[in-house]
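Heads up, the thing below is written out as structure tokens.
The values are calculated or read from the model by the stated rules, or taken from the named source; none is laboratory data. Note that the coordinates shown come from a computational prediction; the quantities given were computed from them, not determined experimentally. Don't worry about glycine lacking a Cβ; one is built from the backbone with ideal geometry, like all the others, and counts go over all protein chains shown. Surface areas here come from the heavy atoms of the whole protein model, side chains and all, with no ligands, DNA or RNA. Shrake-Rupley method; radii C 1.70, N 1.55, O 1.52, S 1.80 Å.
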Amino acid sequence: MYFSGLIGQAKDRIITLMKIIFLNSYSPRTGHNFVAQVIKIVSNAEIIPHNQAETRLSLFLEAYYDLQQKNLISGSGKTFLDSLFVDNIRKRIVKDISGEYVLIKDTNYQGVNFQRLQFPNDIHFLTLRDPRDTLISIFKGMRFYKQNGLKAFLKRVGYQTGVYSFYYSRKYSKRFIKTLPDNMEDFHIIRYEDMVLRDKESLSGLLHKFNSDIVIEELISRINEISVINTSFYKEETGGKHIWDSKKVTAKFNPINRNNIPLLHRKGIELGSRKFRKKLGYA
């Protein structure tokens, strides 16, 4: 019994020393898979449940605590529900992990405040990307110009004139501004653009944070080997033929500050997303 207790204490100690890395981006198309791979290189973390997975953990936590508040659940009822759903949640996440870090990622900010409260001693990253570029990527993924019907025709006209671009971008921006956490400074910020441009200051900060013994030149070399999910780049910028192929990028890969799109469409996006861009420090 004595030795069993010591073994149990040792396991608990290891679990305490392990760190969960939470990586949240405000929406899809923000380059979160690429950023996750950079963090994986620096920290040697295991991404769970698998490399391309999005867990929606922050959303579930928000829903759980919102239900408690809305239904005035407290006292013994709260204690009972917590024992079912959230108690020992951290131990359950890391119990089968052998490394020092585990990475959980998702493409939303909704619920990140609850996630940070639930896991106060772990690492919480927010990925940023210029909403202008995110929206350009989203529009590239739309296929309405290949569709028939009045609705698709109106979208095509709106695309060319910038009207639909503005309307969609403003609606998109309003939606995601609402999900921004109250205090962004409470989180570690990582900019997609810094990773794409191999910004040495940002990369050095990551190496320092994880006490990595990788030198900056080696890190850049390994980043250059990362394969990306094609999404809107699959035609000209990667070697893949299908939208979810994961391939190395070509020399044409340029996800930052694209200008080779119709002028009115681009202006519609920029005007529609201006408030969101200001919120994130891009305008």
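Below is a table of values for the structure above.
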read-out: Answer from 220, 189 - the residue that is outside any loop (DSSP other than H, G, I, E, B), open to solvent by 30 Å² or more (accessible area, probe 1.4 Å), modelled with pLDDT of 95 or more and out of contact with any helix residue (DSSP H, G or I) (no Cβ under 9 Å at 6 or more places or on another chain); value: 189
read-out: Residues of the range 249-276 classified as modelled with pLDDT of 95 or more, among the charged types (D, E, K, R) and crowded, with 16+ Cβ neighbours inside 10 Å, total; value: 2
read-out: Scan of the range 192-204 for residues that are surrounded by 15 or more Cβ atoms within 10 Å (Cβ to Cβ) and without any contact (Cβ under 8 Å) to a residue 12 or more places away in the chain, ordered by number; value: 194
read-out: Qualifying positions in the range 169-186 - at pLDDT below 95 and assigned to a helix (DSSP H, G or I); value: 184, 185, 186
read-out: Where residue 102 falls short, out of the listed (1) open to solvent by 10 Å² or more (accessible area, probe 1.4 Å); (2) farther than 28 Å from residue 175 by Cα; value: (1)
read-out: Matching option when the condition is out of contact with any Gly (no Cβ under 6 Å at 6 or more places or on another chain), free of Cβ contacts under 8 Å to residues at least 40 places away in the same chain and in a helix (DSSP H, G or I), among 91, 78, 140; value: 78
read-out: Residue within the range 67-81 that is surrounded by fewer than 18 Cβ atoms within 10 Å (Cβ to Cβ), within 23 Å of the chain's Cα centre (by Cα) and of a type in the set (A, V, I, L, M, F, W, C) present; value: no
read-out: Single match in 198, 170, 156 (criterion: at positive phi and over 17 Å from the mean Cα position of the chain (by Cα)); value: 198
